[in-house]
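**Student:** Structure below; questions to follow.
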Amino acid sequence: MPIAPALRRRLKNPATARVYQGSLNILRRAAIWHDLLLARCARRAVPAVSVRRRPSAAVDTDRIAVFVIHAETLDASHRRALRALAAAGYCVALVNNQAFDLEDVPPEAAFVIENHNVGRDIGAYIRTLRCLQAEGVLPSLGRVLFLNDS
């Protein structure tokens, strides 16, 4: 930001002109730093979880198991865990941190939720819990079991 020629002519003392020019440079750097700081601190929009499958009305949601995975496809251990949880009487909410094919998910998973890889384990638990509360299926005296595939 050079000093305008008219202002330079009015500033008789060259030292005053240098101080003024230095002040302008400091202000310019401070403005750039402020913009960079704001850009770094700006909160990014967090994508909402996507509920891909909801349970039928006949499913009992007094006991919910939130099963968080990070896989493109379900492997044999995921399927065994889903069968065991459903056999134990849990309404299973399968939460995947990746996009996946809904046709690949067995019927034991009453809820199927995509978390869009925001918060791997604990973050996925919290986001799923909020999602289940918003769906109105989380009873006040119910039981929720949290587990992951690691």
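Residue by residue, here is whether (1) in contact with a strand residue (DSSP E or B) (Cβ under 9 Å, 6 or more places away or on another chain); (2) at pLDDT 70 or above; (3) surrounded by 12 or more Cβ atoms within 10 Å (Cβ to Cβ) holds:
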| site | (1), (2), (3) |
| --- | --- |
| 37 | no, no, no |
| 42 | no, no, no |
| 46 | no, no, no |
| 58 | no, yes, no |
| 68 | yes, yes, yes |
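**Student:** Moving to a separate point now. Can you go through 105, 137 and tell me which one is closer than 26 Å to residue 47 by Cα, in contact with a Ser or Thr (Cβ under 6 Å, 6 or more places away or on another chain) and open to solvent by less than 50 Å² (accessible area, probe 1.4 Å)?
**Tutor:** Values: 105 fails: in contact with a Ser or Thr (Cβ under 6 Å, 6 or more places away or on another chain).
On inspection, the qualifying residue turns out to be 137.
**Student:** Do any residues in segment 103-120 that are closer than 13 Å to residue 72 by Cα have Cβ atoms under 6 Å from those of residues that are among the hydroxyl-bearing types (Ser, Thr, Tyr) and not in a strand (DSSP E or B), where the two are at least six apart or on different chains, and which pairs are they?
**Tutor:** 104/73
The values are calculated or read from the model by the stated rules, or taken from the named source; none is laboratory data. Since the model is a prediction, treat every value here as computed from it, not as a measurement. Because the Cβ atoms are built from the backbone with ideal geometry, glycine has one as well, and the counts that use them run over all protein chains shown. Accessible surface is based on the protein model in full, side chains and every heavy atom, while ligands, DNA and RNA are left aside. Shrake-Rupley method; radii C 1.70, N 1.55, O 1.52, S 1.80 Å.
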